[in-house]
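The values are calculated or read from the model by the stated rules, or taken from the named source; none is laboratory data. These figures come from a predicted structure and were not determined experimentally. With ideal geometry, Cβ positions are generated from the backbone for all residues, glycine too; neighbour counts draw on all protein chains shown. The accessibility values were calculated without ligands, DNA or RNA, using every heavy atom of the protein model including side chains. Shrake-Rupley method; radii C 1.70, N 1.55, O 1.52, S 1.80 Å.
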Amino acid sequence: MVRFQDEARADAPPEEVWKLLYDPTRFPEWWVGIETVVGDGADLTFFPEGYPHFPMPQQLATRREDRQVVVSCLVSHLRFDWRLEPLDGGKATRIRVDVQIPPEEGHRLDAQRAVIRESVERLAHLAETEA
Amino acid sequence: MLRVQLIGEFRVELGECPIPVPRSRPAQALLGWLALNPGPHARAALAARFWPDVLDASARANLRNTIWVLRSAIAGDTDHLVATRDSVGFAADTLWTDVAEFGRLVREGRAEAALELCRGDLLPDLDDDWVLEARDQQRREAGEVLVRLAREAEGRGELDRAVAWSRRRAALEPLSEDACRDLMRRLSAAGNRSGALAAYASLSDRLRRELRMATSPETRALAERIRQGPLSEGPPPAVGEAHETRLCPDLPSLVGRTPELSVLERAWADARAGRGGVVVLVGEAGIGKTRLVAEIAARASGNGFVAAGAGLDLDGAAPFALWAELIHGLVAVAGPVPADTGWAPQLALLAPGLHAAAGGAPAPAASPELERARLFEAAAAMVEWAAARRPCLLVMEDVHAADPASLALAAYVARRAARLPLLVVITRRDLPPRPEVDALLDRLRAGGVPTREVLLAALAPAEISRLAESVGLRSPAGVERVVRVADGNPLLAIETARALAAGSPEPPVTLRAAVRATAGGLDVDARALAEFAAVAGRDLEREEAALLAVPGLADAMVRAVEAGLLAVRQGRVAYRHALLREVMLADIAEPRRAWLHEALAEAIAQAGGRRRAGEIAGHLRLAGRHDRALSHLVDAAADARAVAALPEAAGFLEEALLIRDDDPEIWLALCEVEAWRGRHAEIRRAFDRAATLIGSSRPGALVEAHLRYARLWRGALCEPKECHQHYRAALGLIDEAGLAADAGHAEALAGVAWSEAVAGAVEAAEEALRDLHRLVGRSRPSDLLAHDVGVARAHILIRQGRFAESYGPLIAAADSARAAGRADMVYGALGWAASAAGAAGDFDRALTLVDRALGVMRQAGLRPLEALLESARASILARLDRVADARDGVGRLRDLAELLDDGRLTALAAHDAGMVEMTAGRHEDAEALLAESLARSAPVSRPLTRLARAEALALLGRCEEAEREVTETALEPLLPSDFPDTLVARLARVQGLIARSRGDRALAVRRLQEAARGWLRRLDPVSMGHAYSSALIDLGRVPVAGLVEPQRELERLTVELEELGAEVPS
């Protein structure tokens, strides 16, 4: 398993980031490469940009023990663990993401690094705008 | 000093001068009562007590006049009779009464001096109820003193004195057969057979004349034996027969301990007045805890029920051993058990024999958690039943050695003491520490139960001297040596004094030496009996003793009792003190000890004692006979499991596996117990081991193992995925091996249907139901199978959002569960039906269904489930805007939480109350209650609760606090049962309310519109069906309280947006 972490600071309270993270219909606004999302709740399907007929079913879960939002791709088995940490007394938020890539998808490491770098920054920026 | 003589002639003296007793009867009565109860008393209470049938004002006027009469009688005295505007009473420090003096002398061991004060009846010229009660009490106390004096005299061989004391007791209690039998026995022993028979004739005549009764068979048999010749010597009567408890019969005099006894007496008096409590006696072994308990028990038995049980330091003792003894004891004195009682069959699990007495059938099994709740409630109900008849004293001895289950039940029952005529007296050694006992006491104190701890210190040298003299040691030099050796320990003092009195030249320097000296004087049979009683670790039942390899058992028993080692209590053979047993045990060497253990195991097994399997196994293991212990360990685990003692059950099974680890049945039994304990890793480990041992060559057994395993994940733990895997595995094995269709096959298909439906795989679930239909055909399914099918069908419908159609199959499933005797399953099915009705918007029907479920739970005694249904009911009532009824429901939930001592339910009640107050628009109350529920970790959705509180704060204009709560919501860990996909819309609405409260219209509109858009996406009922299914799994209860109503939310947002003059998204 290949994994990497990334993080960004949002000058917005955790709840603003949280609303974006828990509303998959808004993923296309900040998650690079996702054009549309179908479904709600736990079972989602992503459609990548430029591939409207290539469904990528996802599972969204939360982990009670360490307060993480986990998005797992059921096709590629990529897994994204998102975690929010309040900063400055709750006025800002540190967004952390841990990405796990199975060995057979290892060749996607560099591309995913770039995607996630940009996505986490976009998420932070969007939350600041919404605040 | 004011001296008032109440026994015999009523006399009053002030200083040394007699003063006339007032002539008026009310004044005499008031004087007598105040003298018996010194200290100030509220005038209102006195007026009501003495003039209950007149108006308050008249009663108070009568009291004033009577006090004036009293004052006049004692020469206007104001020092002794202290009267204020509100109270009146005699000052305790300047009052002497013969009744109090009697008690003091008895406590100091001056029994004969105490009896000199008894010159007749107490207040013979008065006949008020309280006088009759006090007179009876005084007579009983005098009678107890006479019993003791007679026994002591008899023990010393002074038969004439024994007869004299017995005569006096018989005169004091002329209708007491017990007193008459003692007199007859002693007269006969003294050679006066004609006197004995005359006493009998006189008693018969009195009983016939005054009560129109014949003498009892026991008394008639004694008379017949006396007629036939002099009585042969037999063992002394057991104290259990006298006091109906397990306490020691031949009690040494109580020396010292006046303050400690006062604490106990006060606590007993409080208990009798309905203000019960707990007294803990703490001290080293042999310091006198047992003796003190015996004293209060003897006193309490005159005006209450007394029962006792002891913690057992015994390898393999059954869980709740202390309570088994207590239950037997309490029922024996308070019985007969009413035929229609619900608790007796339940308690029969602990105390076999009770079931037969009650004549009912044991309740059907539910989950161990519910079984335990029902068992605990049954024990509490039994104590309440007894306490309603007479005040109760429950003695729990040696709790430092009690099993954890007994301690948990003690905490549960004792919590009710504060509002019952119930005193619980606990004895414990101070070392080694036992944190569970400390936790029990802390819990009682926290629960508001008056809990007093009394530390028993060493006795003073003068007290030790008196104790030594009381057991017949006369020589001053000997007494001095006892004082030196005993070092303040009364048990050591008595044993040393006994040894010296018996002719030992030197005092034994340790208790062990004293016991060794005593045991050394026993013959072979008596010693063998003492050894068996030592290795037994508990009192031996009569039937067990009879099966021991002890020739001449009766004689051996008499000699061991006479030597002071053993006692006979309620027909059981026991050590006079636990410490003597421990010392004796330490003195038995191997291989003798191993032989004793094995012989004892055989005797216990032959006696057929129920709930003794663990003990038998323990003795066999101590004897090195591990092979023979195996089956008993498995039986012991089943017994423990039957009373929900899961750690103990697991312990027995693990012990069995140490002996033999290749029996898959033991592994599967362990698997089940671990499932109820919620220990996932252990469950899987046990199952894997069992499956490996069964092997693929026995597919039928493997199918059964998978089904058993799947049931665990559907009952003890709710893990549909795990169930699904094993139901599928069972089906795969059936197909592969071509096994014949049977009940297991049907169960597996029904299980697959259920787990697929819950997981949302509707088509797969329907396919499994079709397969099942083909398999079962037209034959009538079993009740449990019918339940499973109904629940599976309903889940399919719920998953499809067809709520209104789903509660029909659920109601049918509930009926099948009820027919199968599974009230816990009725709860699940009817609860789900209520949820489905709520989701369909039919709240009246939801209420009816919850009420129906409540009726079943109440009948089954499943209080924890009753509480959850009360919670659901309150939510429905609030939803119907029936706020007052909802508040009543929350009140009942609170009462149940209090009754069950369940902090989580208390927190749930706070949550429900908060939500009801939200509905009522009382936002201040609502936010405080919701904050309380969050702080106490209520079993509810924390994010939803936080948002509800944030809403209340926003509506109160407390915007900063509301914002903090919103931030905390985002940081709460989420589960599917929190409906995470609806939280974004909810959170946005609260943000809108905060902005509105701040006057920021633009932001308010933006947030409220954001919320409305979120709810618009949620109008699909199918997605709600998915979410509801998750709630049962996460919260373990039906989501009536957390129903999501997107349409209603939208309507509310519409109103809020229109008030701001903004558009509503569409």
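Observations, loosely collected:
- Extreme residue, modelled with the lowest pLDDT, among residues of the range B:910-968 that are polar (S, T, N, Q) and part of a helix (DSSP H, G or I): B:967
- Scanning the range B:427-437 for residues that are open to solvent by less than 10 Å² (accessible area, probe 1.4 Å) and either among the hydrophobic types (A, V, I, L, M, F, W, C) or not in a strand (DSSP E or B) (or both) gives a single hit, B:437.
- Restricting the range B:844-864 to residues that are touching a helix residue (DSSP H, G or I) at 6+ places or on another chain (Cβ under 7 Å) and open to solvent by 20 Å² or more (accessible area, probe 1.4 Å), the residue that is nearest to residue B:822 (Cα to Cα): B:860
- Some residue of the range B:110-129 being in a strand (DSSP E or B) and within 40 Å of the chain's Cα centre (by Cα): yes
- Scanning the range A:22-36 for residues that are within 9 Å of chain B (Cβ to nearest Cβ) and open to solvent by less than 10 Å² (accessible area, probe 1.4 Å) gives a single hit, A:24.
- Qualifying residue in the range B:49-57 (condition: farther than 22 Å from residue B:264 by Cα, out of contact with any Asp or Glu (no Cβ under 9 Å at 6 or more places or on another chain), in a strand (DSSP E or B) and not hydrophobic (A, V, I, L, M, F, W, C)): no
- Breaking point among (1) assigned to a loop (DSSP other than H, G, I, E, B); (2) within 28 Å of residue B:643 (Cβ to Cβ), for residue B:457: (2)
- Hits in the range B:715-744 (condition: farther than 27 Å from residue B:674 by Cβ and under 45 Å from the mean Cα position of the chain (by Cα)): B:742
- Only one of the listed residues (B:332, B:294, B:307) is part of a helix (DSSP H, G or I) and open to solvent by less than 10 Å² (accessible area, probe 1.4 Å). That residue is B:294.
- Test: residue A:94 is modelled with pLDDT under 85 and over 19 Å from residue A:2 (Cβ atoms): no
- Summed over the range B:1005-1037, the residues that are buried (at least 24 other Cβ atoms within 10 Å of the Cβ) and at pLDDT 65 or above give a count of 5.
- As for the range B:47-63, it holds no residue that is touching a Gly at 6+ places or on another chain (Cβ under 6 Å) and open to solvent by less than 30 Å² (accessible area, probe 1.4 Å).
- Any hit, the range B:975-989, residues being modelled with pLDDT of 95 or more, more than 8 Å from chain A (Cβ to nearest Cβ) and out of contact with any Cys (no Cβ under 7 Å at 6 or more places or on another chain): yes
- Lone qualifier among B:183, B:159, B:187, B:197 - being open to solvent by 20 Å² or more (accessible area, probe 1.4 Å), closer than 30 Å to residue B:501 by Cα, at pLDDT 80 or above and of a type outside the set (Lys, Arg): B:159
- Against the list (1) touching a strand residue (DSSP E or B) at 6+ places or on another chain (Cβ under 6 Å); (2) more than 24 Å from residue B:254 (Cα to Cα); (3) in contact (Cβ under 8 Å) with a residue 12 or more places away in the chain; (4) open to solvent by 30 Å² or more (accessible area, probe 1.4 Å), the condition residue B:445 fails is (3).
- Taken together, B:783, B:815 contain a single residue that is among the charged types (D, E, K, R), open to solvent by less than 60 Å² (accessible area, probe 1.4 Å), under 43 Å from the mean Cα position of the chain (by Cα) and farther than 16 Å from residue B:731 by Cα, which is B:783.
- Restricted to helices (runs of 4 or more DSSP H) entirely inside the range B:532-637, those with at least 2 residues that are within 22 Å of residue B:399 (Cα to Cα) and open to solvent by less than 30 Å² (accessible area, probe 1.4 Å) are B:578-586, B:613-622.
- Residue that is of a type in the set (Asp, Glu) and out of contact with any Phe, Trp or Tyr (no Cβ under 8 Å at 6 or more places or on another chain), where the choices are B:851, B:788: B:851
- Filter result (within 13 Å of the chain's Cα centre (by Cα) and outside any helix (DSSP H, G or I)) within the range A:97-131: A:97, A:98, A:99, A:100
- For residue B:957: the one exception among (1) touching a Ser or Thr at 6+ places or on another chain (Cβ under 6 Å); (2) under 24 Å from residue B:1047 (Cα atoms); (3) more than 9 Å from every other protein chain (Cβ to nearest Cβ): (2)
- From the list B:477, B:486, the lone residue that is of a type in the set (A, V, I, L, M), surrounded by fewer than 18 Cβ atoms within 10 Å (Cβ to Cβ) and more than 14 Å from residue B:565 (Cβ to Cβ) is B:477.
- Residue within the range B:743-763 that is part of a loop (DSSP other than H, G, I, E, B) and open to solvent by less than 30 Å² (accessible area, probe 1.4 Å) present: yes
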